[in-house]
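Here is the structure we will look at.
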Amino acid sequence: MNLGGASAPATYTGRFAPSPTGPLHAGSLVAALASWLDARAWNAGKHGRWLVRFEDLDRPRCVNGAVSRILRQLQACSLLPDEPPVFQSQRIALYRQAIDHLVGAGLVYPCGCSRRDIEVELARLGQTRARHGELVYPGTCRLGLRGKPALAWRFHTQAATVSHASVDWVDRRLGPQQQDVATVVGDFVVLRSDGQFAYQLAVVVDDAEQHITHVVRGEDLADNTARQLLLQAALALPTPQYLHSPLVLAANGEKLSKQNAAQALDTSRPLLALNAAAAALGLPEHAGGVADALAAWVKTWRHLYNPVL
Ligand code: GLU
């Protein structure tokens, strides 16, 4: 698959990819700031491009007005994208093309199992493997639907041509990582039973089509990386470098997220919000103006993570 033309620009391109399911909270500003700093820290001041992509495929979870609110919050913090934002909901043809490619290569298969079917089969196999509340699919439909209607499409992690089901990579902050996707995650969904393209597929297609060289995002997403590397290999797409930034925890120790109703980020005093995000990234507090603070953090970031192509 050749997305976005053969010649990628020889420059750093990073992105912040919020889902418009609500306004930014303190945790999402940490991820936004980290990816912005990384782009600005590239190549000793000749800074890289920083893009914003709205991951709005899950329409029922999207909230009216969240896009403009997020853009206003970023603007208040002087985190300005270098190009107009893109929206996944407007890029469906690209995801369809990727699925067609995977079907053609025999790397995905239709699955007719309901959650109940999967539970029953796992019990029959004496397996109760579940991770993050998700069942590890036992591969029931790999050999055919046996009369069941197709519900979702799954990536075949044990197909003969998937050479790296056990994936190794180096996270720029977390260090060496390894995941055996076939056993830990199983054959994961790329096209959901409601007809929606799964996050794993869309993110891989978009990162390639937008020539993203460096993915900087919250550590809660680190666990998805191996699946994304497998999909990149299956689609013959380049693999960006990954850095997963620290999470902000709520007082009860849980990660801040829109799902657990984290408070909307107050950007009426941007330096206050940015200082809190910077602290989560291990950067020193800054007392000057926003522009000075950002410039100082770019220098520290370059020293800590030195983004290179
Ligand atoms: N849309 C995802 C989120 O808001 C981010 C995905 C990514 O950065 O890969 O958590």
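Just one of (1) without any contact (Cβ under 8 Å) to a residue 40 or more places away in the chain; (2) within 16 Å of Phe188 (Cα to Cα) fails for Ala150. It is (1). Listed by first and then second residue, the pairs linking a residue in segment 115-134 that is at pLDDT below 75 to a residue that is part of a loop (DSSP other than H, G, I, E, B), with Cβ atoms under 8 Å apart and 6 or more places separating them unless they lie on different chains, are Arg129/Val136; Ala130/Val136; Arg131/Val185.
Restricted to segment 43-87, and to residues there that are among the small types (Gly, Ala, Ser) and surrounded by 13 or more Cβ atoms within 10 Å (Cβ to Cβ), the residue that is farthest from Trp297 (Cα to Cα) is Ala66.
Among the conditions (1) surrounded by 13 or more Cβ atoms within 10 Å (Cβ to Cβ); (2) more than 27 Å from Arg15 (Cα to Cα); (3) not aromatic (Phe, Trp, Tyr), Arg131 misses just one, which is (1).
To keep it simple, each residue is scored yes or no on (1) charged (D, E, K, R); (2) away from the ligand (no atom under 14 Å from the Cβ); (3) under 18 Å from Ser28 (Cβ atoms).
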residue	(1), (2), (3)
Phe188	no, yes, no
Gly195	no, yes, no
Val205	no, no, no
Arg217	yes, no, yes
Asn224	no, no, yes
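The residue that is farthest from Asn306 (Cα to Cα), counting only those in segment 226-257 that are within 13 Å of the ligand (Cβ to nearest atom) and hydroxyl-bearing (Ser, Thr, Tyr), is Ser257.
Against the conditions (1) within 16 Å of the ligand (Cβ to nearest atom); (2) over 21 Å from Pro18 (Cα atoms); (3) part of a helix (DSSP H, G or I), Thr183 satisfies every one except (1).
Of the numbered criteria (1) without any contact (Cβ under 8 Å) to a residue 12 or more places away in the chain; (2) within 11 Å of the ligand (Cβ to nearest atom), the one Ile212 fails is (1).
Each residue in segment 215-241 was checked for being polar (S, T, N, Q) and assigned to a helix (DSSP H, G or I), and 4 of them qualify. Taking the criterion of being more than 10 Å from the ligand (Cβ to nearest atom) and in a loop (DSSP other than H, G, I, E, B), the residues of segment 8-21 that qualify are Ala8, Pro9, Ala10, Thr11, Tyr12. Please verify whether segment 164-171 includes one or more residues that are out of contact with any Asp or Glu (no Cβ under 7 Å at 6 or more places or on another chain) and within 15 Å of the ligand (Cβ to nearest atom). The answer is yes; a qualifying residue exists.
Looking at Leu304, Leu283, Leu272, which is the one that is closer than 19 Å to Pro246 by Cα and touching an Asp or Glu at 6+ places or on another chain (Cβ under 9 Å)?
Leu272
Across segment 41-48, not a single residue is classified as on the phi < 0 side of the Ramachandran plot, among the aromatic types (Phe, Trp, Tyr), within 14 Å of the ligand (Cβ to nearest atom) and more than 15 Å from the chain's Cα centre (by Cα).
Within segment 63-105, the set of residues being in a loop (DSSP other than H, G, I, E, B) and in contact with a helix residue (DSSP H, G or I) (Cβ under 9 Å, 6 or more places away or on another chain) comprises Val63, Cys77, Ser78, Leu79, Leu80, Pro81, Asp82, Pro85, Arg91, Ala105.
The values are calculated or read from the model by the stated rules, or taken from the named source; none is laboratory data. Worth saying up front: this structure is predicted, and the values here are computed from it rather than measured. Reconstructed Cβ throughout: ideal geometry from the backbone, glycine too, with neighbour counts over all protein chains shown.
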